[in-house]
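S.K.: Input: one structure, supplied below.
The values are calculated or read from the model by the stated rules, or taken from the named source; none is laboratory data. As the structure is a prediction and not an experimental result, all values here were calculated from the model. Every residue, glycine among them, receives a Cβ derived from its backbone with ideal geometry; neighbour counts consider all protein chains shown. These accessible areas exclude ligands, DNA and RNA; they are computed on the full protein's heavy atoms, side chains included. Shrake-Rupley method; radii C 1.70, N 1.55, O 1.52, S 1.80 Å.
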Amino acid sequence: MRILLTGAAGFIAGHVAEVARERGHDVLGLDMYLDAAHGPDATRDPAILPLDLRHDALDEHLADIDVVCHQAAMVGNGVDAQDLPAYAEHNDAGTAHLLAAMARVGVADLVLASSMVVYGDGRFTCPDHGDVPPAVRHEEDLSAGRFDPRCPVCGGDITWRLIDETTPFLPRTSYAASKVAQEHYASAWCTLEGARAVALRYHNVYGPGMPADTPYSGVAAIFRSAIARGEAPRVFEDGQQVRDFVHVRDVALANVLAIEQVADHPQGVTPYNVASGTPFTIGEMASTLAGAADATEPELTGDYRAFDVRHVVASPEAAAHGLGFRAQISPHEGIAQLATAALRTR
Ligand code: UD1
């Protein structure tokens, strides 16, 4: 198949291109080399077209393309409200321009990089009220070291449960809002064009070539970069918050399986969680990484951030049934390898 890959100079798309070529596909990569991700002096790959989705002509590059794999995005949670316009411009507007060009040329299959952040605080079970979204965590609880959220109805204890793709959207950050928007734009485009999209909702992606930490980095890059500087990873809250760390090679495989099968899907957006299926606490992740690097033991700081969600863990079952995707690399193995893997320094 002939694939147009956006964000091709990025961490995840680089692995998608590699796996796609290994499976015999042709990949045409493009990237705008966003300063926030690559720095102003990034070395440019001559094989990647330097294009900005919002301003440059895309139609000629879409001729003969079977599937677009849209990875280009401004990532992270966003630092503060001043980041809102940049997320809207790059993620919302970039996607809208791409979809308009696909409609002009007649490319009707899209694989979209989405995220678990569309689910916000995730789903929990209350013994009395069943499946509930958790109540917002209050400052007085957090400052007293009570990090687990409560039932929004009775205020009682709740336990986290696996999130499936029917869970409602609840975006809590600029980035999350833009990922929900991308799925909505894709849905509108599918209706207008009779087209198909697969939205891959990634969990916490890590692996070789991930960028060294910036104010927009996730916890895996932050911990790995701290170790590279000879510092201890600083674990927030009580370290018991749960995530799912999924290796970038597995994320790339999920993308290529989606590229190969999106045309077999019904019209509209079909979402799939992309997760390892092995939940890990942040404390466990920090000690696995530090242990494998023979580095300083993690420091449990008790710090907290208002925008953090407590536990978010996805069910990987829909991707297994719909795409035949199951992660191959366990977080125990992959995170230990990350301890010595090279990071991209912009
Ligand atoms: C992360 C990504 C988000 C992505 C999502 C799913 C960022 C900033 N967040 O969200 O974009 O869509 O995964 O793939 O890229 N923590 C520490 N110490 C630190 C930093 C963080 O203990 O130095 C803790 C946080 O309190 C939190 C957990 O690690 O509990 C995860 O934080 P982080 O990776 O920033 O955000 P996610 O919500 O997992």
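S.K.: Every residue in region 178-208 that is open to solvent by 30 Å² or more (accessible area, probe 1.4 Å) and farther than 17 Å from residue 73 by Cβ, please.
M.R.: Hits for region 178-208 are 187, 188, 191, 192, 193, 194, 196, 208.
S.K.: Considering only residues that are in contact (Cβ under 8 Å) with a residue 24 or more places away in the chain and either polar (S, T, N, Q) or out of contact with any strand residue (DSSP E or B) (no Cβ under 9 Å at 6 or more places or on another chain) (or both), which ones fall in region 310-340? Working first, answer last.
M.R.: Keep residues of region 310-340 that are in contact (Cβ under 8 Å) with a residue 24 or more places away in the chain, which gives 310-319, 322-332, 334-340.
Answer for region 310-340, where residues must be in contact (Cβ under 8 Å) with a residue 24 or more places away in the chain and either polar (S, T, N, Q) or out of contact with any strand residue (DSSP E or B) (no Cβ under 9 Å at 6 or more places or on another chain) (or both): 315, 324, 326, 328, 330, 336, 337, 339, 340.
S.K.: Then there's this: Looking only at region 273-286, decide whether some residue is modelled with pLDDT of 95 or more, part of a strand (DSSP E or B) and in contact with a Leu (Cβ under 7 Å, 6 or more places away or on another chain).
M.R.: Yes, region 273-286 contains a residue that is modelled with pLDDT of 95 or more, part of a strand (DSSP E or B) and in contact with a Leu (Cβ under 7 Å, 6 or more places away or on another chain).
S.K.: Of the residues in region 168-177, how many are closer than 14 Å to residue 201 by Cβ and either crowded, with 19+ Cβ neighbours inside 10 Å or of a type in the set (D, E, K, R) (or both)? Show your work before the answer.
M.R.: Residues of region 168-177 that are closer than 14 Å to residue 201 by Cβ, as a first pass: 168-171, 175-176.
Going one step further and asking which of them are either crowded, with 19+ Cβ neighbours inside 10 Å or of a type in the set (D, E, K, R) (or both), we end up with 175-176.
Matching residues across region 168-177 total 2.
S.K.: Can I ask one more? Return yes or no: is residue 8 among the small types (Gly, Ala, Ser), open to solvent by less than 20 Å² (accessible area, probe 1.4 Å), under 24 Å from residue 206 (Cβ atoms) and assigned to a loop (DSSP other than H, G, I, E, B)?
M.R.: The answer is yes for residue 8.
S.K.: For region 19-128, give me every one of the strands (runs of 3 or more DSSP E) that falls completely inside it and has 2 or more residues that are free of Cβ contacts under 8 Å to residues at least 60 places away in the same chain, within 16 Å of the ligand (Cβ to nearest atom) and out of contact with any Phe, Trp or Tyr (no Cβ under 7 Å at 6 or more places or on another chain).
M.R.: Numbers: elements: 26-31, 67-70, 109-115, 123-126.
Qualifying strands (runs of 3 or more DSSP E): none found.
S.K.: Of all residues in region 241-286, count the ones that are among the hydroxyl-bearing types (Ser, Thr, Tyr), within 12 Å of the ligand (Cβ to nearest atom) and more than 19 Å from residue 16 (Cβ to Cβ).
M.R.: Initially, region 241-286 is screened for residues among the hydroxyl-bearing types (Ser, Thr, Tyr), giving 270, 272, 276, 278, 281.
From what is left, the residues that are within 12 Å of the ligand (Cβ to nearest atom) are 276, 281.
Add one more test, that the residue is more than 19 Å from residue 16 (Cβ to Cβ), and what stays is 281.
Of the residues in region 241-286, 1 are among the hydroxyl-bearing types (Ser, Thr, Tyr), within 12 Å of the ligand (Cβ to nearest atom) and more than 19 Å from residue 16 (Cβ to Cβ).
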